Ligand code: PMP
């Protein structure tokens, strides 16, 4: 079917062929983007793969499903969904870099109404991609997008519908010759990248936007990097960040499951530290890459023998 997708996938409570993952067109998930998803990375290790933060990702999706109040009732419990990812690694004999995409969507009743009750029945699918990398590992050229991120509760969830805006902003950045974009919320505060969280380095400390206030996904990679930074004695704090902060920063760090940890070389022609990572950002990136690619023991990793 596809050179990108592994042949075996998960549907509700069993392994299926990836061609058999189907979604009804009248479903509100297809019509209105009312679905939740996750992105989980696996890194090759001898005899198998190390899966990063599988429980944390699934938990975020399950908790968003409950909090979103849109009738998501997963067909299987959280623990089984986590085990499904590991089972898929084995069924597909994954030995290379991969990206796992769990997805919760509604069957729907066929009714087009915008109201609770017509969603009817939740399905869980999981498919696995062969992964080629995402952002340039040697630094990213960004533009500050003019498209404001709306402030509403679901902006903090990985709801499919949210990604129309992210895709538009990122595509526009690429069209204008950049690798990625940085988005502001509708108050003008810096929010995040197209699918990354960000940290600014200023005076030897890291600053990040106030996640609880904004249309910002509480990122799992950012949680890992916060821990790394603090273990290096670097203070990390939240602040409402403006484009002036962005310009005055010594360096910028972007992070996400797909993006991993990478430094920003420039924003709209303003170059940071000669295009190189600062000492602090460089060391955080080095430690993150070591964790996912090489670490033998970490509470963030599950080793699956395939
Ligand atoms: N913000 C957005 C909008 C994202 O899509 C992602 C990627 N999931 C992130 C931040 C980073 O989150 P995580 O580190 O959990 O992948």
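Coordinate-derived values only; no laboratory data. Just so we're clear, the structure is a prediction, and the values are computed from it rather than from any experiment. Positions of Cβ are backbone-derived with ideal geometry, glycine not excepted, and every protein chain shown enters the neighbour counts.
Some values worked out for this structure:
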{"item": "Per-region count, the stretch 219-236, residues in a loop (DSSP other than H, G, I, E, B) and closer than 18 Å to residue 289 by Cβ", "result": "3"}
{"item": "Of residues in the stretch 57-84 being in contact with a strand residue (DSSP E or B) (Cβ under 7 Å, 6 or more places away or on another chain) and under 14 Å from residue 13 (Cβ atoms), the one nearest to the ligand (Cβ to nearest atom)", "result": "81"}
{"item": "Single unsatisfied condition, residue 104 versus (1) under 26 Å from residue 192 (Cβ atoms); (2) in a helix (DSSP H, G or I)", "result": "(2)"}
{"item": "Residue satisfying all of: in the stretch 38-49; within 16 Å of the ligand (Cβ to nearest atom) and out of contact with any helix residue (DSSP H, G or I) (no Cβ under 6 Å at 6 or more places or on another chain); nearest to residue 114 (Cα to Cα) among these", "result": "39"}
{"item": "Output for the stretch 190-218, where each listed residue is surrounded by fewer than 20 Cβ atoms within 10 Å (Cβ to Cβ) and in a loop (DSSP other than H, G, I, E, B)", "result": "203, 204, 210, 218"}
{"item": "Residue match in the stretch 57-71 (condition: over 20 Å from residue 23 (Cβ atoms) and not in a helix (DSSP H, G or I))", "result": "yes"}
{"item": "Residues of the stretch 177-202 satisfying the condition of being touching a strand residue (DSSP E or B) at 6+ places or on another chain (Cβ under 6 Å) and more than 16 Å from the ligand (Cβ to nearest atom)", "result": "178, 201"}
{"item": "Scan of the stretch 21-37 for residues that are out of contact with any strand residue (DSSP E or B) (no Cβ under 7 Å at 6 or more places or on another chain) and under 21 Å from residue 91 (Cβ atoms), ordered by number", "result": "22"}
{"item": "Extreme residue, nearest to residue 108 (Cα to Cα), among residues of the stretch 118-132 that are out of contact with any helix residue (DSSP H, G or I) (no Cβ under 7 Å at 6 or more places or on another chain) and buried (at least 20 other Cβ atoms within 10 Å of the Cβ)", "result": "122"}
{"item": "Boolean, residue 226 is free of Cβ contacts under 8 Å to residues at least 24 places away in the same chain, within 15 Å of the ligand (Cβ to nearest atom), surrounded by fewer than 21 Cβ atoms within 10 Å (Cβ to Cβ) and under 19 Å from residue 250 (Cβ atoms)", "result": "yes"}
{"item": "Residue that is surrounded by the fewest Cβ atoms within 10 Å (Cβ to Cβ), among those in the stretch 246-282 that are more than 21 Å from the chain's Cα centre (by Cα), over 17 Å from residue 143 (Cβ atoms) and touching a residue at least 40 places away in the same chain (Cβ under 8 Å)", "result": "248"}
{"item": "Flag for residue 41 being assigned to a strand (DSSP E or B) and either free of Cβ contacts under 8 Å to residues at least 60 places away in the same chain or in contact with a strand residue (DSSP E or B) (Cβ under 8 Å, 6 or more places away or on another chain) (or both)", "result": "yes"}
